[in-house]
1. Can you compute 3J(HN,Hα) from phi for each residue in the range 19-28, using the Karplus curve 6.51 cos²θ - 1.76 cosθ + 1.60 with θ = phi - 60°, rounded to whole Hz and x for Gly and Pro?
2. Would you please name the trypsin sites (Lys or Arg not before Pro) within the range 137-241 that are DSSP coil residues with at most 15 other C-beta atoms within 10 Å of their C-beta?
3. Estimate the FRET efficiency between residue 257 and residue 42 by the formula 1/(1 + (r/R0)^6), using the beta-carbon distance for r and 30 Å for R0, to the nearest 0.05.
4. Can you bin the range 1-146 into rounded, prolate or oblate? Criterion: square roots of the alpha carbon gyration tensor eigenvalues sorted a ≥ b ≥ c, rounded for a/c under 1.5, prolate for a/b above b/c, oblate for the rest.
5. When the helix-only estimate is applied to the chain (DSSP H runs of n ≥ 4, each -39,500 (n - 2.57), divided by the residue count), what is the mean residue ellipticity at 222 nm, nearest 500 deg cm²/dmol?
6. Could you tell me how far the Cα centroid of the range 116-182 sits from the Cα centroid of the range 11-83, in Å?
7. Is there a quick way to get the dipole size of the range 1-67? I mean about its Cα centre, with the Cβ of Lys and Arg at +1 and of Asp and Glu at -1; what is the value in debye to the nearest 20?
8. List every residue whose amide H lies under 5 Å from the amide H of residue 219, counting only residues 5 or more places away in sequence or on a different chain, with H placed 1.01 Å from N in the peptide plane.
Amino acid sequence: MAPLIEVHDLRFRYPLAKAPILDGLSLVIGEGERVAILAPNAAGKTTLARWLAGHLPDGALKAESGFVAMEGRNWSEWDVAERAAAIQFVGQVPSQQLSGCAFTVYEEIAFGPCNLALPEAEVRRRVDEAMVVCNLAHLANRDPFTLSGGEQQRLSIAAALAMHPRVLVLDEPTSNLDPESRDDLIAQIDKLPGGLTIIVLEVALRPSLALANRFLLLDGGRIVADGTAGEVLNDPRCIEALGMTSIAAAMAGLRDAGAWPGDKALPLTLAEARASLGVQHARG
């Protein structure tokens, strides 16, 4: 059985660039996986996200070698409507995701399904469903450009979900949000349908831990680590590039002071730290 998404030996550079931004990158993603691809800024996350979502190749922007395929078919073999129904991309800046063709939140979510020429009843069903999942029903009649950043990002995800994609690619979805909006968005993403394949490209560790169960490290244009959160986030290359979670950093201090076993993995979250220390959560 073919993997859902396959990237094989992808080498890509932008025009006039001296070095490729993706240099022989390969990875495979299966149906229903929740994957976080971690990398520092300017390491090629957005470029990889565009390749994964089928936005590349585009005109002169072509791979020097390799390919990206979904179910064994290169993106070049998919037409736009077919690809849009299979995979959706949500970028970093919420306002840039809006179509500019809708006067209300409801119309914005309906824009994509309408362009698939679906029956009106099906469009309405998809919009209502997406508004519930992304907690937007109370904002249905609002102008999309009057929403907060967090609300606009939820709207972008709702518009993507209304297309009923099999894969959702999220490029640093919380990077431009305040902490409260970030946490609200993470909670909404975590509630997305279980069969949906979610690929998150991030520099921040906290949202990645909340959203994924498989982690990859992008470095030097290639995937250099692939595994669980503990395996990848405790990898020295990941620590050097992205640092540690605040909990892991605190426990590393205890380890350096001789108060934590040197051969024991560092907990990454507060829940893991409590479990490791045998501390029960206090109840009020």
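Every read-out reported here was derived from the displayed coordinates using simple, explicitly stated rules and does not represent laboratory data. The structure presented is a predicted model; accordingly, all values stated were derived computationally and were not measured. Every residue, glycine as well, gets a Cβ built from its backbone with ideal geometry; the counts of neighbours run over all protein chains shown.
1. So the J values, rounded to whole Hz, are 10, x, 7, 10, 10, x, 7, 9, 6, 10.
2. Those satisfying the criteria are 191.
3. Step by step, r from the Cβ atoms, then E = 0.25.
4. Prolate.
5. Rounded to the nearest 500, it is -10500 deg cm²/dmol.
6. Answer, in whole Å: 24.
7. Taking the Cα centre of the range 1-67 as origin, the dipole is about 300 debye.
8. Residues meeting the criterion, in which the H sits 1.01 Å from N, are 224.
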